[in-house]
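Read the structure below first, then the notes.
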Amino acid sequence: ETGVTQSPTHLIKTRGQQVTLRCSSQSGHNTVSWYQQALGQGPQFIFQYYREEENGRGNFPPRFSGLQFPNYSSELNVNALELDDSALYLCASSLTGDLGEQYFGPGTRLTVT
Amino acid sequence: EDQVTQSPEALRLQEGESSSLNCSYTVSGLRGLFWYRQDPGKGPEFLFTLYSAGEEKEKERLKATLTKKESFLHITAPKPEDSATYLCAVRGGFSSGSARQLTFGSGTQLTVLP
């Protein structure tokens with residue numbers, strides 16, 4: 001059974017640029033959720049995708065957007081990067097969107113300068 | 001709005017010194033309380049799910065318990081490899097709009113000294 005994978009591992013961007021982060025879900029999981037984790041804090045929910053559609057969103061602005069593909073992999077896109085976007089971005093996959101545990105990938109460390 | 005508070009923020013134990021971590025929560029219609037372990041620079045690793053007051057789960061030196069307002073993670077005779085940040089999260093109900101997300105606390109950073 002393959003776990004959740006994310007790419008890239010680390011990324012450095014300049015303020016105002018755009019970034020795309022990628023996630024492959026665990027085998028058999030059709031739901032992907034994205035979280036942002038600032039240093040010393042717990043993860044914060046960004047949004048969730050199920051069957052290629054967004055079906056839940058946290059308190060993040062529209063410049064945070066995503067996609068889910070037919071093979072359940074997913075992308076997180078962030079436009080107009082700000083310094084405060086520097087964080088660990090975590091992808092989690094699950095069997096369903098509203099029940100049970102979520103399994104996390106290793107994360108992508110984004111640094112905005 | 002769902003809220004999770006974890007205490008203490010940091011805990012240092014000697015190897016073999018048992019202790020407990022606390023997770024207090026406020027949620028409308030609890031649909032699961034989750035414990036994760038996170039090592040530095042890595043993603044959270046799932047440990048336990050608890051659904052109703054009185055429920056208990058065990059795994060090696062860890063035991064999680066749940067009441068209507070809080071959960072405890074008991075660590076018995078810890079070893080240095082148990083050093084990590086332990087995160088607690090809740091899933092709320094559909095009426096609160098949080099059924100599809102996990103709301104996390106800030107975690108307890110545990111250090112076990114040899």
Q. Restricting the search to the range A:70-91, which residues are more than 25 Å from B:Phe46 (Cα to Cα) and either within 14 Å of chain B (Cβ to nearest Cβ) or at pLDDT below 95 (or both)?
A. A:Pro70
Q: With the checklist (1) within 23 Å of A:Gly56 (Cβ to Cβ); (2) more than 9 Å from every other protein chain (Cβ to nearest Cβ); (3) part of a strand (DSSP E or B) in hand, flag the one item B:Ser71 doesn't pass.
A: (1)
**Q.** Matching entry among B:Lys63, B:Lys69, B:Lys42 (being surrounded by 13 or more Cβ atoms within 10 Å (Cβ to Cβ) and out of contact with any strand residue (DSSP E or B) (no Cβ under 6 Å at 6 or more places or on another chain))
**A.** B:Lys42
(Q) Here is a list: A:Gly100, A:Gly3, A:Gly105, A:Gly58. Which entry is within 20 Å of B:Phe34 (Cβ to Cβ), within 13 Å of chain B (Cβ to nearest Cβ) and surrounded by 20 or more Cβ atoms within 10 Å (Cβ to Cβ)? (A) A:Gly105
(Q) Quick check on my filter: what residues within the range B:85-114 are in a strand (DSSP E or B), more than 8 Å from chain A (Cβ to nearest Cβ) and not polar (S, T, N, Q)? (A) B:Tyr86, B:Cys88, B:Val90, B:Leu110, B:Val112, B:Leu113
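Okay, residues lined up against (1) touching a helix residue (DSSP H, G or I) at 6+ places or on another chain (Cβ under 9 Å); (2) of a type in the set (Asp, Glu):
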| residue | (1), (2) |
| --- | --- |
| A:Ser65 | no, no |
| A:Cys91 | no, no |
| A:Ser94 | no, no |
| A:Gly97 | no, no |
| A:Glu101 | no, yes |
| A:Thr113 | yes, no |
(Q) For the structure I just gave you, tell me whether A:Ser24 is within 14 Å of another protein chain (Cβ to nearest Cβ), of a type in the set (Ser, Thr, Tyr) and within 12 Å of the chain's Cα centre (by Cα). (A) yes
(Q) Please count how many residues of the range B:84-104 are over 18 Å from A:Gly100 (Cα atoms) and either out of contact with any Asp or Glu (no Cβ under 9 Å at 6 or more places or on another chain) or surrounded by fewer than 17 Cβ atoms within 10 Å (Cβ to Cβ) (or both). (A) 1
**Q.** strands (runs of 3 or more DSSP E) fully within the range A:1-93 counting 1 or more residues that are of a type in the set (Ser, Thr, Tyr) and on the phi < 0 side of the Ramachandran plot
**A.** A:5-7, A:19-24, A:31-37, A:44-50, A:64-68, A:74-78
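The values are calculated or read from the model by the stated rules, or taken from the named source; none is laboratory data. Keep in mind that what you see is a predicted model, and the values were worked out from it rather than measured. Backbone-built Cβ (ideal geometry, glycine too); neighbour counts: all protein chains shown.
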